[in-house]
Amino acid sequence: AKTPTSITSTASPSSLPYGGKIKVTGQITPGVPNVAVSLRYGRPDGSSFTEVVQTDSNGAYGHEYAPDRIGSWSVEASWPGNDQYLGATSATARFTVTKAGTTLSASVSKTTVTEGDEITVSGSIEPTPGAISLTLTYTKPDGTTVTRTVTTTATGSFTDTFTPTPKGSWSVTASWAGSEMREGASSTASFTVKEKGCIIATATYGSELSPEVQYLRGFRNNVVLSTFAGNRFMELFNAWYYSSSPGVAGFIAENEVVKSATKIVLYPLMGILHLSAATHSLFGFNAEMGVVMAGLVASGLIGM
């Protein structure tokens, strides 16, 4: 008569992330060498497939497999027997495949940026799921947000260039909701937006706290920028002024003679701005008209 046998199957680990490998091991008892063992894997959707392995000289076997979907899996081992031994089937071993974790990084090109300047947010997601859409949420100082969408490269990296305004403490959060096989992830970076300074005036008077610079800033922020027309004017003015003023300011700051000469040049301008502010106050009943009239007065006098 044939000798009865038994066979075991063990799946390790009992839980693994998608992309990992499960190792199934077992033993035929008594040890039957060099025979085929069938491993029947049961997928989470109810389908199944079979892998065939050979026992070693002691009747033991092993098999590694990378599961192709998440959920609860099963595996059982069997062998048909031979002319000396009866076949056997193992108890069912079970394991679970979970979503793979991802790591998302995000950083900013500068931790401090001046109003009107660009900031670049860059980062990557690992392991890369290929080209995917990420959400970038920029949070303003008042708590409101601006949402932008970027697409990663095939290697998982991304960049976004943004011009933040107004001044204050900002943050940007890069996030990914995840996929069927991978967990989502997020990362946050912070930066500060500084107010644009009066570069040439600051270089001339030596400090942003000088009365002249404070007056120029107050006129810009409290009068000009408080209106729609003023905002549109400042957009055009800033595009011209800040394209050349840093170099001019650097030259002034390093040359005392030029600094003194520039102060003389700026005195009439300060007077013109005082007259413009007075003109604006005459039209207190209509701020938009007031800023237009103040601009006409200023441009006319500067032209003269």
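Near T96: Cβ cut-off under 13 Å, other residues only, Lys/Arg at +1 and Asp/Glu at -1. The net charge is +4. Ranked from largest, the principal axis spans of the Cα set of the stretch 3-151 equal 86, 29, 21 Å. Using a cut-off of 13 Å between beta-carbons, work out the net charge of the residues near P67 (Lys and Arg +1, Asp and Glu -1, P67 not included). Net charge around P67: +2. Accessible area per residue for the stretch 1-108 is 50 Å², calculated with a 1.4 Å probe on protein heavy atoms, without ligands, DNA or RNA. Converting phi to 3J(HN,Hα) with the Karplus coefficients 6.51, -1.76 and 1.60 and the offset θ = phi - 60°, the stretch 139-147 yields 9, 7, x, 8, x, 6, 10, 10, 10 Hz in sequence order, with x at every glycine or proline. T25 sits with roughly 50 Å² accessible to a 1.4 Å probe, with DNA, RNA and ligands left out of the calculation.
Relative contact order for the stretch 18-74: 47 percent, from Cα pairs under 8 Å spaced at least 6 residues apart, divided by residue count. Ellipsoid fit via the Cα gyration tensor, the stretch 1-87: semi-axes of 27, 13, 9 Å, each the root of five times an eigenvalue, largest first. Look at the dipole of the stretch 31-140 built from charges on Cβ: of A131, A91, T55, the Cα furthest out on the positive end belongs to A91.
Among the GluC sites (Glu not before Pro) in the stretch 63-169, those placed in a DSSP loop whose Cβ has at most 11 other Cβ atoms within 10 Å are E118. Each Cα pair under 8 Å and six or more residues apart adds its sequence gap; the mean of these over the residue count of the stretch 1-151 is a relative contact order of 22 percent.
The values are calculated or read from the model by the stated rules, or taken from the named source; none is laboratory data. Just so we're clear, the structure is a prediction, and the values are computed from it rather than from any experiment. Glycine also receives a Cβ, built like all others from the backbone with ideal geometry; neighbour counts cover every protein chain displayed. The area values use the complete protein model at the heavy-atom level, side chains included, leaving out ligands, DNA and RNA. Shrake-Rupley method; radii C 1.70, N 1.55, O 1.52, S 1.80 Å.
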